[in-house]
Amino acid sequence: MSTAPASIAEQPQTAVRTGAELVVDTLERLGVESVFGYPGGAIMPLYDALARGKVKHYLVRHEQAAAFAADAAGRVTGRAGVCLATSGPGATNLITGIANAFMDSVPLVAITGQVPQTLMGTDAFQEIDIFGLTLPIVKHSVVIRDPADIPAALAEAFAIAEGGRPGPVLVDLPKDVQQASCARWDEPMEGDDLRPSPSAESLAEADKLIAAAKKPLLYLGGGVARSNATDLVRDISERTGIPAVATLQGLGVLPVEHPNFVGMLGMHGGRAANTAVQESDLLIVIGARFDDRATGHLASFAPHASVVHIDTDAAEFGKLRHAHSTMCGDLKRCLRTIEFTPGDISEWQAETRRLKEEHAPRYDAPGNGVFAPELLKKLSERAGDSFVAACDVGQHQMWVAQHCRFSRPQAHLTSGGLGAMGYGLPAAIGAKVAEPDATVVCVSGDGSFMMNIQELATLRRYNIPVKIVLLDNSMLGLVRQWQELFFEGNYSEVDLSDNPDFVEVANSFGIEAFSVDLKSQVDGAIDRLLAAKGPILAHVRIDPEENVWPLVPPGKSNADMMESKW
Amino acid sequence: MSIQNIRIEFAFAEGALRRLLGVIEARGWIITSMQMGSDGDRSIMTLSLNPRDGTRKIATLIRQISRVYGVISAAHMDGATSFIREIPRAAAG
Ligand SMILES: Cc1ncc(C[n+]2csc(CCOP(=O)(O)OP(=O)(O)O)c2C)c(N)n1
Ligand SMILES: [Mg+2]
C-alpha cells in the first residue's frame, strides 16, 4: 500500500497514438531501458510498436526465463524488471517467475497480451484468465480496458511494484486495447508517500531493549537490500559493534570477513550463527520474516531472545514470532530514528568472534576431486567486489551461500522463498544486462541447468558475457542427500548419470566450454573463466555423494546441527 | 475454534472481491458467512471466519488484508482485539 511514486517524464499529447504505442511511450518515460519477452498473437501490436521504440527487447527462448531475467534485473537495480508474454501459454509460462518475485519481494512488472475484450470469457483461442490465475502471487494486478488508461495504469504498476515492500504487478492488455487509437489519455498522477512513521512508543521500547541487552544480535534479511539500507546497517553495526547474522537473502549486507558478521543462520547456516541466535537475549530483526528455513523448529528458536522487529510490511509482525517492539515504515527512516546505544557487550562480541573462528568452514577435503565449496570461495574472492552470483537450486546453491564472498546483498541472486530450479541462467542474463560491469557468474547444478538450458541461445544471440559454473554431480544432489539422511538411503529418481555432454551442448550453442575434474585444475579454471571476454561454461565434475554441511534436519531446532564426518 | 467477525471496506475495482476472498482462504481461514453492500465508490463486506487451526491469528489476517491494494479499512469487530487501519481514500483507487 505504501507506494513511492515512480517518476515519469512529461509527454505532450499532440498525436494520436495506439494503445501499444502508449505502452512503449510510457515504458520509455519511466526510464525502462530493457525488457525480456517472447511474442505471440495477442501481444503482436505491442511487439509492432516495440520494434519502432527505444526500449531494448531481449528475446528469450521460454517465457519463464523472461520472468526470471526481469526478476534478477529488479533485484540488482531496485527498479522493476519488465517481462512480456502473449496470452494463454505465454502468460502461464510466466507464472513461476512471478511467484518467485512474489516470494522474495522483488519489483517486477509482467505485461501479458490478452484476447480482445469481446472474446474474453468465451474460451477463445489462447484465452486464459491470467489475472485470476496470478491473484495469489502478485502484489497487484490490473486488466487495462481503455487505451486512455495506459500511461496512468502502467506508471501506477511500477509505483506499486517498487514501493513499500516490493513485489510483482501483472498488467493484462487485451489486444483490442493495444490496437485502439487514442487522441487523449489520462496522465499519471504523483502518488502520495503513504509509508507510516514509527511510533514514539515503539521507538522508546526498542531503545530500552537495546540498551538493556547483554547479547544483542542484528538479524538481517532481504528487506535490507530491497530498501537500499545496506550502508546504514553497516554503519550501525560498526558504530555499535553489535554482532550480526543474516538470512539467505540478507547475505552480503556485511561481507563475510567483517568482524561483526557471525554468519548465515538456518537449515544450512553456520554453527556459529545458529549458536549465537540460540544464546542471544535480543534479536533486532531488520527486513526479515522468520522463514522456517531460517528458524528451524519455531518453538525452540532463539529461546532467550526478545525481538525488535523492523519491516516495511506490518503483516510480518507477530506472524510467526512475537515481537516486543515493532516498527513499520521505510527501513532507512526507522533505522535512523533508533538510538542504537547498547550497554557493555564486549563479552558477547568476544564470544561471537570465538564462535566464528571455532566453526569456520574447512576446505581441506580429502581426495583429488574438486571440492565445490573451495572452488566457489576462491572464485568469488578472485572476482572481487564486482562478483555477482546467480544460482540455481540445490546443494550448489547452499555452497554459494555458505562459501562465496558478496560485496553487497544485490550480488547474491538466489531463489529463496520459491526455491525454483531453473532460475540461475536467466537470472544471470538479467543481472548482466542490468549491470554490464559486474562479473556475473551463474552457479548451476546438472538438474537445474536443464530446466532453462535453452537460454544458452539467448547468451549467444546477444553475446552476454556470463560465466557459468556447472557443478555436475550426476544427481539431484539435495534430494539425494535428504534420501540418504531421512529416507534410509532409498534413492528414488535422483540419478542423472545419463546427462548429456554439457561441453558439447554448450559448444553446439556456440559457447566456449571446458571441463574440470581435479582439484589441481581449479586455479587454472578460475583464470580462464575470469579472463573470458564472452560467455563461457566450466563443466565441473564433483563427487555424487558429497553433502552440504552443516544441516539442521527439517522440523528440528537450530541447536541440533548435523556436521561433516571429516 | 472461535468464529471471528471482520469488516472490510474496499474500492470498486476489477477482481477486488476475488482478491480479498483469496487472501482470506489462502491464509488459513474458512469463510462461514458473508454480507456485502456498497457506499458511494466503495464496497463494504462483513464476514465470519473460522481459523483452520490454532496457529492463525486474526490480527495477522487483518494486516494481510490491509496491505491489499484498494483496501480502505479492515477491522476485527470483536471488541478487545480490534484492529483498524485507515488508508487514505486517494490511495485506494
Ligand atoms: C522447479 C523445481 N522442481 C523441483 C525442485 C525440488 N528440488 C530441490 S533441489 C533439487 C535437486 C537439484 O539438483 P541439481 O540442480 O543438480 O543441484 P544439486 O543439488 O545436485 O547441486 C530438486 C529436484 C525444485 N526446487 N524446483
Ligand atoms: Mg546435481
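The values are calculated or read from the model by the stated rules, or taken from the named source; none is laboratory data. The model shown is predicted, which means the values in this text are computed figures rather than measured ones. Cβ: placed from backbone, ideal geometry, glycine included. Neighbour counts: every protein chain shown. Accessible surface areas use protein heavy atoms only, side chains included; no ligands, DNA or RNA. Shrake-Rupley method; radii C 1.70, N 1.55, O 1.52, S 1.80 Å.
When A:ASP172, A:ASP207 are screened for being touching a helix residue (DSSP H, G or I) at 6+ places or on another chain (Cβ under 9 Å) and among the charged types (D, E, K, R), only A:ASP172 passes. Selection of strands (runs of 3 or more DSSP E) fully inside the range A:259-323 by the criterion of at least 1 residues being in contact with a Cys (Cβ under 9 Å, 6 or more places away or on another chain) returns A:282-286, A:306-311.
When the range A:460-471 is filtered for residues that are within 16 Å of ligand 1 (Cβ to nearest atom) and open to solvent by 10 Å² or more (accessible area, probe 1.4 Å), nothing remains.
Of all residues in the range A:206-215, those being more than 21 Å from A:LEU355 (Cα to Cα) and either part of a strand (DSSP E or B) or in contact (Cβ under 8 Å) with a residue 40 or more places away in the chain (or both) number 6.
In the range A:398-417, of all residues being open to solvent by 10 Å² or more (accessible area, probe 1.4 Å) and within 16 Å of ligand 1 (Cβ to nearest atom), the one that is farthest from the chain's Cα centre (by Cα) corresponds to A:HIS403. When A:LEU218 is tested against (1) free of Cβ contacts under 8 Å to residues at least 40 places away in the same chain; (2) not in a helix (DSSP H, G or I), only condition (1) is not met. Of all the numbered requirements in (1) within 14 Å of ligand 2 (Cβ to nearest atom); (2) in a helix (DSSP H, G or I); (3) in contact (Cβ under 8 Å) with a residue 60 or more places away in the chain, A:GLN483 misses one, and that requirement is (3). For A:GLU347, are the conditions met, namely being in a helix (DSSP H, G or I) and in the same structural domain as A:LEU470 (by TED's automatic domain parsing)? So A:GLU347 does not fit the description; no. Within the range A:490-504, being in contact with a helix residue (DSSP H, G or I) (Cβ under 8 Å, 6 or more places away or on another chain) and open to solvent by less than 30 Å² (accessible area, probe 1.4 Å) holds for A:VAL494, A:PHE502.
Among the listed residues A:ALA420, A:ALA434, A:ALA457, A:ALA383, identify the single one that is under 27 Å from A:PHE102 (Cβ atoms) and more than 8 Å from ligand 1 (Cβ to nearest atom). I'd like the intermediate steps shown before the answer.
Working: A:ALA420 fails: more than 8 Å from ligand 1 (Cβ to nearest atom); A:ALA457 fails: under 27 Å from A:PHE102 (Cβ atoms); A:ALA383 fails: under 27 Å from A:PHE102 (Cβ atoms).
Only one candidate qualifies: A:ALA434.
There is at least one residue in the range A:381-399 that is under 24 Å from A:SER34 (Cβ atoms) and in contact with a His (Cβ under 7 Å, 6 or more places away or on another chain). Per the listing A:MET475, A:MET450, the residue uniquely open to solvent by 70 Å² or more (accessible area, probe 1.4 Å), within 12 Å of ligand 1 (Cβ to nearest atom) and of a type in the set (A, V, I, L, M) is A:MET450. Filtered by the rule that a residue be of a type in the set (A, V, I, L, M, F, W, C), crowded, with 18+ Cβ neighbours inside 10 Å and within 12 Å of chain B (Cβ to nearest Cβ), the range A:136-158 gives A:ILE137, A:VAL138, A:VAL142, A:VAL143, A:ILE144, A:ALA153, A:ALA157. If you go through the range B:1-29 and keep only what is β-branched (Val, Ile, Thr) and touching a residue at least 60 places away in the same chain (Cβ under 8 Å), you end up with B:ILE6, B:ILE8.
Taken over the range A:440-472, residues that are in a helix (DSSP H, G or I) and within 16 Å of ligand 2 (Cβ to nearest atom) amount to 5. All but one of (1) away from chain B (no Cβ under 12 Å); (2) small (Gly, Ala, Ser); (3) assigned to a loop (DSSP other than H, G, I, E, B) hold for A:GLY113; which doesn't? That leaves (3) as the condition not met.
So that you can scan it fast, the table gives a plain yes or no per residue for (1) open to solvent by 20 Å² or more (accessible area, probe 1.4 Å); (2) in contact with a strand residue (DSSP E or B) (Cβ under 9 Å, 6 or more places away or on another chain); (3) within 14 Å of another protein chain (Cβ to nearest Cβ):
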residue: A:VAL82; (1), (2), (3): no, yes, no
residue: A:GLN117; (1), (2), (3): yes, yes, yes
residue: A:GLU127; (1), (2), (3): yes, yes, no
residue: A:LEU133; (1), (2), (3): yes, no, yes
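A:GLU187 meets all of the listed conditions (1) in a loop (DSSP other than H, G, I, E, B); (2) in contact with a strand residue (DSSP E or B) (Cβ under 8 Å, 6 or more places away or on another chain); (3) more than 10 Å from chain B (Cβ to nearest Cβ) but one, namely (2).
Answer yes if at least one residue in the range B:21-43 is within 10 Å of the chain's Cα centre (by Cα) and either modelled with pLDDT under 95 or within 11 Å of another protein chain (Cβ to nearest Cβ) (or both), and no otherwise. Write out each step before concluding.
Just the residues of the range B:21-43 that are within 10 Å of the chain's Cα centre (by Cα), to begin with: B:21, B:23-24.
Narrowing further to those that are either modelled with pLDDT under 95 or within 11 Å of another protein chain (Cβ to nearest Cβ) (or both): B:21, B:23.
Yes, the range B:21-43 has at least one match.
Of the residues making up the range A:159-174, just one is assigned to a strand (DSSP E or B), facing chain B (nearest Cβ under 10 Å) and under 20 Å from A:ILE8 (Cα atoms), namely A:VAL169. Confirm whether A:LYS332 is touching a helix residue (DSSP H, G or I) at 6+ places or on another chain (Cβ under 9 Å), assigned by TED's automatic domain parsing to the domain that holds A:ASP472 and assigned to a helix (DSSP H, G or I). So A:LYS332 fails the test.
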